[in-house]
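Structure, as structure tokens:
The values are calculated or read from the model by the stated rules, or taken from the named source; none is laboratory data. As the structure is a prediction and not an experimental result, all values here were calculated from the model. For neighbour counting, all protein chains shown are included, and Cβ atoms are generated from backbone atoms with ideal geometry for every residue, glycine included.
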Amino acid sequence: MTIAAHELEEFRGILKAHGLAAADFDLAKEEQPPRAMFFREEGLIRVSHGPTRTVRVYNDGPGSNWVADFKRDLEQHVFDP
């Protein structure tokens, strides 16, 4: 499974709005096995910022919004040098 196109578009828009280069960030999706009781797909999104070597991992799946979580971290200067 890959990161949804609308999530990538929103992610890039957030970077642009903050004057950051998309090339400085690396995204990776890690699949998690479905929970046996709920049978729903879940995963993790790993965001790495090359210049600061900062890495954050966000939940991805039903009820989560990793892009909003990333934006909050960005606004709280988590990825600043």
Q.
If Asp73 satisfies all but one of (1) part of a helix (DSSP H, G or I); (2) touching a residue at least 40 places away in the same chain (Cβ under 8 Å), what's the number of the condition it fails?
A. (2)
Q) Could you give every pair whose Cβ atoms fall below 7 Å, whose first residue belongs to the range 3-32 and is more than 19 Å from Arg72 (Cβ to Cβ), and whose second residue is modelled with pLDDT under 95 and acidic (Asp, Glu), counting only separations of at least 6 or pairs across chains? A) Lys29/Asp60; Gln32/Glu42
Q | From Ala23, Ala36, residue being at pLDDT 95 or above, of a type in the set (Gly, Ala, Ser) and loosely packed, with under 11 Cβ neighbours inside 10 Å | A | Ala23
